[in-house]
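Computed from the coordinates by the stated procedures, all read-outs in this text should not be read as laboratory data. Note that the coordinates shown come from a computational prediction; the quantities given were computed from them, not determined experimentally. Every residue, glycine as well, gets a Cβ built from its backbone with ideal geometry; the counts of neighbours run over all protein chains shown.
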Amino acid sequence: MEIFSSLLGGFGTLFSSPHLIAALAGAVVAGMVVGALPGLTATMAMALFLPFTFLMEPATGLAVLMGVFAGGIAGGSIPAILLNVPGTPASAATLLDGYPMTRKGRAGEALSMAMFASAVGGLVSALLMSVLAPVIARFALNFQAPEFFVLAIYGLTIIAAVAGKSLLKGYIAGLIGLVVGMVGLDPIAGQLRLTFGSQALYGGISLIPVLIGVFGITQALVMVRESSGVTERPRISGRTLVSADDLRSSSGTLVRGSLIGSGIGAIPGTGTDIGAFLSYSEARRRPKGRIPFGEGNPQGVAASESANNAVVGGSMIPTFTLGIPGEAGTAVLLGGLLIHGLMPGPDLFTGSQSSLVYTIFASFIVANVMILLLGTLAARLFVHVVRVPNQVLVPVILLFCMVGSYAINNRIADVSVTIVFGILGYVMVTHEFPVSPLVLGLILGPMAETNFRRAMTITHGDWTIFFTRPASLVFWALIVLSLVYVWRSARRRRVQKPAESEDGPQAVRPT
Amino acid sequence: MRTKFILAAAACLLLSACADTATGGSGAGGESDFPTKPITAVVAWSAGGGTDVMMRAFAQTAEDHLGRPINVVNKPGSSGAVGWGEIAHATQPDGYTLTMVSPEIGFLDEQGLYDFGLDDFTLITLLNEDPAALAVRADAPWDTFEEFIADAKADPGAISVGNSGPGLAWDLATTAIERAADIELTHVPYDGAASATQAVLGGTLDAMAFSVGEVHPQVEAGEMKLLGVALAERLEALPNVPTFVEQGYDVEIGTFRGIAGPAGMDPEIVATLNDAFVEMAEEDTFADVMENNSFGIRVMETAEFQAFFEDARDLYVDLLRESE
């Protein structure tokens, strides 16, 4: 196979230059650190590093960007698992089971599972990217406004999977998210909506300040409440690595998560967050093991983390083959490619620059192995964060949330959004409303609306376009399946009153 | 735990280092020895975007010609209103805080999106101009603009043309094409060139009116063809693509970027900066980045830039009123 010999050539280039390996390792660590800080996303880490890569050799510069990207997405899982605060939007689904594991003293296992899943997701997507990129890219082009609309509607059915105890409260939270997504300049007609005359709201309310608010600030407020009551602090069990049993039973979830992530990544205009939520909801549908989802099932961590890193690899497919970035982070990567004189397109894989392309792929693969090694090593240190008393932890979390939300755009208005949503999140959580549906509504609402209206503009109001295209039909079928599943499990829940889990009632926290 | 603190401290240092550069300076020393301290260059868009890439190439090269560092700061949000609003309303016109402006500052106040306009800025030097181009998929039924017009006339509104947002530059470029050819097209807003490109390649969208640079890679790859560029003369990079003008349609429209500061800058400082920037634009390091990103270089000194921008503003405002 020619592709494999090209890839081997890429590894050859990579391993024959120690400084390239060192730069890659440094990039992975830097990415993990930035990703682990709430509010500082992988995309932002890449944008920060981009100017420096202009000064490097093309192979080094692009390897650094890949390392930062992959490391950043994996690093986001660390605070999600330890503190219930996602480091990047990609890890918003990881905390659903990751943090309960920490509460049960299994922080080390959860972290190593997250690193293992990230590496698997990254590697599977890298292989798919190397072998099938041009084919997948052509296929992904079938994804157009009608498909995006139906995909977004399918995504909204996930709310049922993350709603927790009350489906109704989950849907209410989802509706709040949809309304929040409508604020600002309407994307099709250019009219202002729900801005109440405030110019700060013209651009809408963006995801990351809201995410930091409803998870970060809310979690800090919950911890303040906890420390005034009598709550047991989470212990750390002897285990720091995930057990072989858990790995074996997660293998199916890992493979499915990696494939879902790669597929979502290959579709331009989606992202790591959507991939992780889809994979999580898919895993929930096949319950395995003794522990229910949402209460510390390692499968939940495996599903979310394998998918979000797979999105990274998948999103490079359209970037390299079509010059269309699959995700916000790859948009920065595309900037890096162009600066170094690489013109995306099918010729990239066969032309004079192809050896450079395969060096980039090889560095992405090595970066994922590094995530496994360095991440598992770092997890042993990070685990001790759970021993830190709340009096210290709460101010640190609050500080990072404020700094993080300001750093997104150097804008104080974003800090206000974070605080407002932090308080809203606290009110929701103390009244047993989940906050994940709000986040999903905010991610998917604008995607559904914009693409619905785009499709209707093109067809002059003929809605049959949503039912006549094959890819849309697949998602309609998934929507029906998903709703039937929700209906059946809701009925089952009504028949048999839910037994309290063995640890007694769950602690209050943003989910 | 200790590592966590070290990491935290490092992150704080990094962030405060970034924040320091954002505090623009006032109270400059004597004008003759300008500049005496680093200059802040505000990008009103996010890092990695077109304006950002151009500004960073500019800053890196222009430093040597001014003898002081130029620190690039991104202040994105509300379609540029955040970063530019700060320059227009809350910055000393001392030459130490500059920005890169584009046609939007001339007409978005018309729609109530900006509370500032061209008059709130001191223009210094134009660096770039990218004309609009009408791009279609390589296997589209039209090979010339004439054929495109004939189909548009046969079934008004049937052809869909993508742009980057309602009332923004490429939406108005589509209006300019409609007006010159007396046709009716369906305007479809996308998030940017990438998503519109995907729609054209995927076959749901018939055409897109964007800057030449943004569709150039697809044309090179043989995925798209251009029916016309909106410039007076053919582009050097695309000698086979005819202009609208030579086909008999008066469409000259596009985007451009130049360096500006707040209104009321000292003419001497403006002249010092302009001289440095004009020299800078000759450098290979700047030209290479521009070429790699398919940005056209177009240099105009202060007075010429002012007249050029005012003409462009009048055209855009005219098109905007027409499309409403």
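What does the structure give for B:76-86 when I average, per residue, the other chain Cβ atoms found within 10 Å of the residue Cβ?
Whole-number average of other-chain Cβ neighbours for B:76-86 is 5.
Please order B:M265, B:M280 by the number of other Cβ within 10 Å, starting at the fewest.
Ascending Cβ contact count within 10 Å gives the list B:M265, B:M280.
Please give the average number of partner chain Cβ atoms lying within 10 Å of the Cβ of each residue in A:360-373, rounded to a whole number.
Mean inter-chain Cβ contacts per residue within 10 Å come to 0.
Arrange the peptides A:301-312, B:69-80, B:282-293 so that the one whose residues have, on average, the most other Cβ atoms within 10 Å appears first.
Highest-to-lowest ranking by the protection proxy: A:301-312, B:69-80, B:282-293.
Mind giving me the nanometre distance, one decimal, between the label points for B:E184 and B:Q92, set 7 Å out from Cα along Cα→Cβ?
For B:E184 paired with B:Q92, the spin-label model returns 5.7 nm.
Order these by the 10 Å Cβ neighbour count, fewest first: A:I397, A:I264.
A:I397, A:I264
Distance between the C-alpha centers of the range A:376-410 and the range A:156-213? Whole Å please.
After rounding, the separation between the Cα centres reads 26 Å.
Is it possible to state the helix-based mean residue ellipticity at 222 nm for the protein assembly as shown, with each DSSP H run of 4+ residues giving -39500 (n - 2.57), the sum divided by total residues, to the nearest 500 deg cm²/dmol? What is it?
Taking each H run of at least 4 residues, the total per residue is -19500 deg cm²/dmol.
Note the direction-averaged projected area, equal to a quarter of the hull surface, for the Cα convex hull of the range A:5-76, in nm².
Value for the range A:5-76: 4.6 nm².
In whole Hz, what ³J(HN,Hα) sequence does the range B:202-219 give by Karplus (6.51, -1.76, 1.60; θ = phi - 60°), x for Gly and Pro?
x, x, 7, 10, 6, 7, 9, 10, 9, 6, 3, x, 6, 9, 3, x, 5, 5
Counting only DSSP beta bridges with both residues in the protein assembly as shown, what percent are antiparallel, rounded to the nearest 5? Let's see the in-between values first.
Values: 26 of 41 bridges.
Restricted to the protein assembly as shown, the bridges split so that about 65 percent are antiparallel.
Within 10 Å of each Cβ in peptide B:191-199, how many partner chain Cβ atoms are there on average? Round it to a whole number, please.
Mean number of neighbouring Cβ atoms from other chains: 6.
Does chain A come out rounded, prolate or oblate by the C-alpha gyration tensor, with a ≥ b ≥ c the root eigenvalues, rounded set by a/c under 1.5 and, if not, prolate when a/b is larger than b/c and oblate if not?
Rounded, because the longest to shortest axis ratio a/c is under 1.5.
Once label points are set 7 Å from the Cα along Cα→Cβ at both A:E2 and B:R321, what is their separation, rounded to one decimal in nm?
Here the answer is 6.0 nm between the modelled labels.
For a test of the definition: using alpha carbon positions, the gyration tensor, and the 1.5 limit on a/c, classify the range B:134-247 as rounded, prolate or oblate.
Note, shape of the range B:134-247 comes out rounded.
Peptides B:299-310, A:425-436: what's the order by average Cβ count within 10 Å, highest mean first?
Highest mean packing first, the order is A:425-436, B:299-310.
Considering Cα pairs under 8 angstrom that are at least six residues apart, work out the relative contact order of the range B:134-247 and quote it in whole percent. Numbers along the way, then the final one.
Working: 177 pairs, mean separation 38.6, N = 114.
It comes to 34 percent, rounded to a whole number.
In whole Å, what is the distance between the alpha-carbon centres of the range B:192-212 and the range B:246-310?
Result: 27 Å between the Cα centres.
Scanning chain A for helices, which whole DSSP H stretches are 30 Å or more long along the axis (Cα) and average 1.0 or more by Kyte-Doolittle?
Going by DSSP H runs, the hits are A:107-140, A:354-382.
How many nm is it between the label spots at A:S354 and A:V369, if each spot is 7 Å from the Cα in line with the beta carbon?
Calculated label separation equals 2.4 nm.
Which of rounded, prolate, oblate describes the range A:154-306, given a ≥ b ≥ c as roots of the alpha-carbon gyration tensor eigenvalues and a/c under 1.5 marking rounded, otherwise prolate only if a/b is larger than b/c?
Oblate, because a/c is 1.5 or more while a/b does not exceed b/c.
Need one number: % antiparallel among DSSP beta bridges in chain B, to the nearest 5.
In chain B, approximately 60 percent of DSSP beta bridges are antiparallel ones.
Expressed in nm to one decimal, what extension gain is obtained for the pair A:V480 and A:H19 from 0.36 nm per residue of sequence separation less their Cα-Cα distance?
160.7 nm
How much length is gained on full extension from B:E279 to B:E110, taking 0.36 nm per residue of separation minus their Cα-Cα distance?
This chain segment gains 57.3 nm when fully extended.
Going by amide H atoms built from the backbone, whose H comes under 5 Å of the H on B:M224, apart from near neighbours?
Sorted by chain and number, the residues that satisfy this are B:A138, B:V219.
Going by how many other beta carbons lie within 10 Å of each one, how would you line up A:W476, B:W142, A:W487, fewest first?
Fewest-to-most Cβ neighbours within 10 Å comes out as A:W487, A:W476, B:W142.
Once you have all Cα-Cα distances for chain B, histogram them in 10 Å bins from zero and send the whole-percent values.
Spelled out bin by bin, chain B gives 6, 25, 31, 22, 11, 4, 1, 0 percent.
From the backbone phi of the range B:310-322, what are the Karplus-calculated ³J(HN,Hα) couplings (6.51 cos²θ - 1.76 cosθ + 1.60, θ = phi - 60°) in whole Hz, Gly and Pro given as x?
5, 4, 4, 4, 4, 5, 4, 4, 4, 5, 5, 5, 5
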